[in-house]
Amino acid sequence: MIPEKTVGKLRQGWDSICFLLAPWWKYGKTLMVGSFISSVLFVPAAGYFSATLAQAVIEMIEAGKPFEAAFLTGLSYLLLTLTLNLLHAVYEDFYLRWKKQEIEGTIERSIYEKALTVDYRHFDDPSYFDSYKLATEKFASQSSETLQNLFSLLSGVAKCIVYGALIASQGVALLLIVLGCSAFVAYAQIYWSRVSVERETAMVNDQRKADYLRRLFFDHTAVADLRASNIKKPLFSLFDGSVKSRAAIYRKYGAKEFLTDILANLAQLGTTFAVPVYVAWGVMSGNIGGIGVYATLIASSLALKEALNALGWWSSQVALGVAYAQKVQHFFDTDSTIEASTDGEKASDGPFSVRFDHVSYRYGGSDEFAIRDLSLAIAPGEKIAIVGENGAGKTTLTKLLLRLYDADGGTVQINGRPIADYDVSTLRGRIGIAFQQSRLYALSVRENMTAYADADDARLKSCLEEVGLRLSLDAQVTKEFDENGAVLRRAERSVSFDGYKTPILDTVQAAIHEFLTADTPRLEGIAVSATGQIDSRRGVVAGTCGNFPGWIGVDIKGTLEREFDLPVTVANDANCMLLGEVWVGAAKGYTDVIGVTLGTGVGGGILTGGRLLEGARGLGGELGHFRLHALDGVACTCGAIGC
C-alpha cells in the first residue's frame, strides 16, 4: 500500500507537469503527437535493429546461407536502422525546431497578456513579483524544456523495455546483472546528492561569515572605515575561522565522497566485467545459443546500461520542471478584481467631474499611508495644480484616478458615480497621463503618437509641424532594431592613468557620471565589457592572472546597479569582441567562430552552433588560461598552480 503522503506528492508532481504542458497541448497538439511517435516508436525501434544486426548476419552464416544473403540481411537491418533514425531527424529538423519556436512565442505572448490582466497592486507583493518575474522570463522556455525532457524520459523507458526484452529472452540472470549494476550507480548518485546537500548545509553559516567580509570590501564606506580603524583584526579573524571550519567540513565528508566513488566505479566495472563473462559462460555451456545471440546480448546489455543511467538524468530534469511549475503557480492563480471590470458603464466623452471623498490608501507591506483622508473635488473643465514634496502622494492619487489601485478607505467618483461602476478600459482611455519619466517605445512615430488615442495621419503630421519636428510617421523612434546598431555618444577614459592606484571601478563610475549629462537619452540598462576572467552569472571578477592589482573579486554588477539604479550585465571583453564581430563585423553570418585578443594578456571567445560557449560561470572561452606546469609552476590568481 502506497502511503497517502507519497500519493499526494505524486499527484502534485503530475499536476505540475500537466500545468507546464497545457499550453503545448493547446497550441501544438500535432507537435506533441509527433514527438511521442518519434521518441517512443522511431528511436527504440532503431535501437532494436541496431542491437540485433550482428545476430541476424551471424545466424545466416551459421545456417549455411551464402555470403550474399547474409550481406543483404545485414544491409536491410542497417537500412531499417538508418531509416528510423532519419525519420526522427527529419521530424526534428524540418518540423519540431521551428514549430517549437513558434509555439514558445505564442506562449510567451500569452504570458504578457496575462500579466496585463493582473491587478497592479500585486506588483507590490514580493512573493507575487518573484513568481511574475520567473513566469515572464522563463515559462515558455521551461515548459518547452519540460516537454523535451518528458519525451526523452519516455524514449528512455521504451528503450529499456526493448533492450530488457532482448536480454530476458535468453534468461533473466543477465538482465538482473545489468539492473543490479545500474541500481548501484543510481544509489551512488542518490547517496552523493544527499552527502552534497549535508555538506553544503553544514557550511552555510561559515559561508555567510566569508560573504559578509566580501560585501564589506565592496562597500566604499566600509573600506574607508577598515583603513582607519582596528576593526579589520577581528574581521580577518572571523574570516580565517570560517576558512578553517569549511576545510574541516570537507575533511569530514572526504570518506563519504570516497565511498561514493567506490560504489560508482565498482558498478561500472562490474557491468563491464560481469556481462561478457556471463554471456561467454552461457555460450560455452549451451545455455545461450550461438555467437549471434552473444553479440546481441553484449550490445543490448551495454545499451540498456546507458539507457538506465540516462533515465536518472531525465527524471531529475523533469523534477526540476515540476519544482519550477510550483514556484510560478502563484502568478497564474492570482485573482484580479480591477482588471476584470470590463462589464461596467462605458466612460462618456467630454469633460467629467472627479471627486475624492475621504480617500485613504497605503501600499502593500507598508505601515504608512501614502494618502490619508483626502477629499478633493474637480469640476468638469476645471484646471488645478497639485503641489507637494516627493512622497506626498501625488503619483498615488493619479494611480487611484486611473484605478490601478482601489482605495482602502473612502470613494473615488467620476461624474458622481463610484469609479468601480465604470469599465476600466474605457475609463483609462478618457484620461490623459504624462508620468515624470516618459517612455519612447521602439516603434514608429505613428505608433508612439497614437499610444493613448487614435488619430489620422493628417492630425499627426499637424502635431509634428506644431512642435517643429520633421519626422516621417513611419520612421523608427529608436535604433533598438537597427541591424548595425547606432553609436549615439562616445567617450574615453584611461583606467591606468596612475598605475592602477585608483581602483578601476572608481574610475569607471566617475566616467559614467560625467557621461550621463542632462541631455543623455533615458537609459534602459548598462552593459560592461570587462577585462579579466569574468563570472558573467554574478557580474564579478573571478581572476586576472595577476595583471591588474585589486581587480579580483570586484562586484561590477552589484556596485553599478546600486550606484545608477539600472540593470547591469557584465561579460568578458574577448567574448564581447567576438559577439560584436558576429553581429556587424568580419564574422557576420557565421555560427562557429573563435576569436583571440592580444593585449594585457591572451583572451578568447568561442561561438559554437550560434551560441557563446560560456561554461558554468562564463569562463568557458578563456583560451589564454591553461595549466601548463601543474606540478612545479607558480600559484595563479585563479587558485590553481602553473597556469
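The values are calculated or read from the model by the stated rules, or taken from the named source; none is laboratory data. Just so you know, these numbers come straight off a predicted model, no measurement behind them. For neighbour counting, all protein chains shown are included, and Cβ atoms are generated from backbone atoms with ideal geometry for every residue, glycine included. Accessible surface is based on the protein model in full, side chains and every heavy atom, while ligands, DNA and RNA are left aside. Shrake-Rupley method; radii C 1.70, N 1.55, O 1.52, S 1.80 Å.
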Cross-chain or 6+ apart pairs with Cβ under 6 Å, the range 415-439 first and basic (Lys, Arg) and modelled with pLDDT of 80 or more, then surrounded by 10 or more Cβ atoms within 10 Å (Cβ to Cβ) and not in a helix (DSSP H, G or I): Arg428/Leu402; Arg430/Ala347
Residues that are open to solvent by 40 Å² or more (accessible area, probe 1.4 Å) and at pLDDT 80 or above, drawn from the range 233-244: Phe236, Ser237, Leu238, Phe239, Asp240, Val243, Lys244
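Could you list, in sequence order, all residues of the range 352-392 that are without any contact (Cβ under 8 Å) to a residue 40 or more places away in the chain and either under 20 Å from Val424 (Cβ atoms) or outside any loop (DSSP other than H, G, I, E, B) (or both)?
Ile371, Arg372, Asp373, Leu374, Ser375, Leu376, Ala377, Ile378
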Check on Thr342, open to solvent by 40 Å² or more (accessible area, probe 1.4 Å) and within 24 Å of Tyr132 (Cα to Cα): yes
Residue match in the range 454-461 (condition: under 21 Å from Thr117 (Cα atoms) and surrounded by 14 or more Cβ atoms within 10 Å (Cβ to Cβ)): no
Within the range 553-616, strands (runs of 3 or more DSSP E) holding 3 or more residues that are within 22 Å of the chain's Cα centre (by Cα) and under 16 Å from Asp535 (Cβ atoms): 568-572
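Condition check ((1) free of Cβ contacts under 8 Å to residues at least 24 places away in the same chain; (2) over 21 Å from Val322 (Cα atoms)) across all residues:
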{"site": "Gly13", "(1), (2)": "no, no"}
{"site": "Phe19", "(1), (2)": "no, no"}
{"site": "Met60", "(1), (2)": "yes, yes"}
{"site": "Gly64", "(1), (2)": "yes, yes"}
{"site": "Ala69", "(1), (2)": "yes, yes"}
{"site": "Leu84", "(1), (2)": "no, yes"}
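Does Tyr95 qualify as being in a helix (DSSP H, G or I), of a type in the set (Phe, Trp, Tyr) and touching a residue at least 60 places away in the same chain (Cβ under 8 Å)? Can you show your working first?
Working: in a helix (DSSP H, G or I): yes; of a type in the set (Phe, Trp, Tyr): yes; touching a residue at least 60 places away in the same chain (Cβ under 8 Å): yes.
Here the answer is yes, as Tyr95 does meet what is asked.
If you go through the range 418-425 one residue at a time, do you hit one that is closer than 21 Å to Thr117 by Cβ and charged (D, E, K, R)? Explain how you work it out, then say what you get.
Taking the range 418-425 and keeping what is closer than 21 Å to Thr117 by Cβ, we get 419-425.
Checking which are charged (D, E, K, R) leaves us with 421, 423.
Looking for residues that are closer than 21 Å to Thr117 by Cβ and charged (D, E, K, R), one finds at least one in the range 418-425, hence yes.
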Scan of the range 115-130 for residues that are within 20 Å of the chain's Cα centre (by Cα), more than 18 Å from Arg403 (Cβ to Cβ) and open to solvent by less than 70 Å² (accessible area, probe 1.4 Å), ordered by number: Ser127, Tyr128
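Please state which one of Glu514, Glu480, Glu524, Glu465 is at pLDDT below 80 and in a helix (DSSP H, G or I). Break it down stepwise before answering.
Numbers: Glu480 fails: in a helix (DSSP H, G or I); Glu524 fails: in a helix (DSSP H, G or I); Glu465 fails: at pLDDT below 80.
That would be Glu514, the only listed residue that is at pLDDT below 80 and in a helix (DSSP H, G or I).
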Flag if Thr81 is among the polar types (S, T, N, Q) and farther than 22 Å from Ile167 by Cβ: no
Search result, residues across the range 536-549 that are surrounded by fewer than 16 Cβ atoms within 10 Å (Cβ to Cβ) and out of contact with any Lys or Arg (no Cβ under 8 Å at 6 or more places or on another chain): Gly546, Asn547, Pro549
Condition broken by Ile552, with the remaining ones in (1) farther than 25 Å from Thr478 by Cβ; (2) open to solvent by less than 30 Å² (accessible area, probe 1.4 Å); (3) of a type outside the set (D, E, K, R) satisfied: (2)
Search result, residues across the range 77-105 that are open to solvent by less than 50 Å² (accessible area, probe 1.4 Å) and more than 16 Å from Ser38 (Cβ to Cβ): Ile103, Glu104, Gly105
Condition check for Lys65: charged (D, E, K, R) and part of a helix (DSSP H, G or I): no
Candidates Leu440, Leu402 - the one that is open to solvent by less than 70 Å² (accessible area, probe 1.4 Å), of a type in the set (A, V, I, L, M) and closer than 23 Å to Phe123 by Cα: Leu402
Residues of the range 352-399 classified as touching a Leu at 6+ places or on another chain (Cβ under 8 Å), hydrophobic (A, V, I, L, M, F, W, C) and under 20 Å from Arg121 (Cβ atoms), total: 5
Subset of the range 337-369 [among the acidic types (Asp, Glu) and closer than 15 Å to Thr396 by Cβ]: Glu368
Total residues in the range 116-152, condition farther than 30 Å from Phe42 by Cβ and of a type in the set (A, V, I, L, M, F, W, C): 6
For Lys133: the one exception among (1) open to solvent by 60 Å² or more (accessible area, probe 1.4 Å); (2) under 27 Å from Val33 (Cβ atoms): (2)
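Considering only residues that are under 16 Å from Thr52 (Cα atoms) and among the β-branched types (Val, Ile, Thr), look in the range 154-169 and name the one that is most open to solvent (accessible area, probe 1.4 Å). Spell out the reasoning first.
Applying the first criterion (under 16 Å from Thr52 (Cα atoms)) to the range 154-169 yields 159-169.
Adding the requirement that they be among the β-branched types (Val, Ile, Thr) leaves 161-162, 167.
Working: Ile161: 112, Val162: 35, Ile167: 1 Å².
For the range 154-169, the residue satisfying everything is Ile161.
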